[in-house]
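In what follows, a structure is listed as structure tokens, so that the remarks can point back to it.
The values are calculated or read from the model by the stated rules, or taken from the named source; none is laboratory data. Note that the structure is predicted; figures quoted are calculated from it, not measured. Here the Cβ positions follow ideal geometry from the backbone for every residue, glycine too, while neighbour counts run over all protein chains shown. Remember, those area values only see protein heavy atoms, side chains included, never the ligands or the DNA or RNA. Shrake-Rupley method; radii C 1.70, N 1.55, O 1.52, S 1.80 Å.
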Amino acid sequence: MADDFTFEITQNIGIISEGKGGWNLELNMVSWGGRPAKYDIRSWSPDHQKMGKGLTLTKEELAALQKTLDSVTID
């Protein structure tokens, strides 16, 4: 099963934060298993071959998240 796992970063959108050892928390468009790419937030190794746990969002989910974040007051 693990041999069938494929992914492709189709668009690097931006780095949210820089972590230790060169790992970065990033927002990218990622195609998982050859399916259409979705918005993806997770930490990636410098060579993008290893990843941490993350969150994958559809366009509609990202829009809802953006709307929610727009209402947040940051102290």
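Okay, here's what the table says:
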| item | result |
| --- | --- |
| Enumerated strands (runs of 3 or more DSSP E) restricted to the chain, each holding at least 3 residues that are in contact with a Gly (Cβ under 7 Å, 6 or more places away or on another chain) and of a type outside the set (D, E) | 38-44 |
| Count of residues meeting criterion [open to solvent by 40 Å² or more (accessible area, probe 1.4 Å) and either on the phi > 0 side of the Ramachandran plot or hydrophobic (A, V, I, L, M, F, W, C) (or both)] in the stretch 38-61 | 4 |
| Counted residues, the stretch 1-29 - those being of a type in the set (V, I, T) and within 17 Å of A63 (Cα to Cα) | 1 |
| Considering residues of the stretch 4-19 that are touching a residue at least 12 places away in the same chain (Cβ under 8 Å) and of a type in the set (G, A, S) only, the residue surrounded by the fewest Cβ atoms within 10 Å (Cβ to Cβ) | G14 |
| Selection from the stretch 20-33 of residues that are surrounded by fewer than 14 Cβ atoms within 10 Å (Cβ to Cβ) and within 25 Å of L65 (Cα to Cα) | G33 |
| Candidate set from the stretch 40-75 (those that are under 16 Å from E26 (Cα atoms) and among the basic types (K, R)); member that is nearest to the chain's Cα centre (by Cα) | R42 |
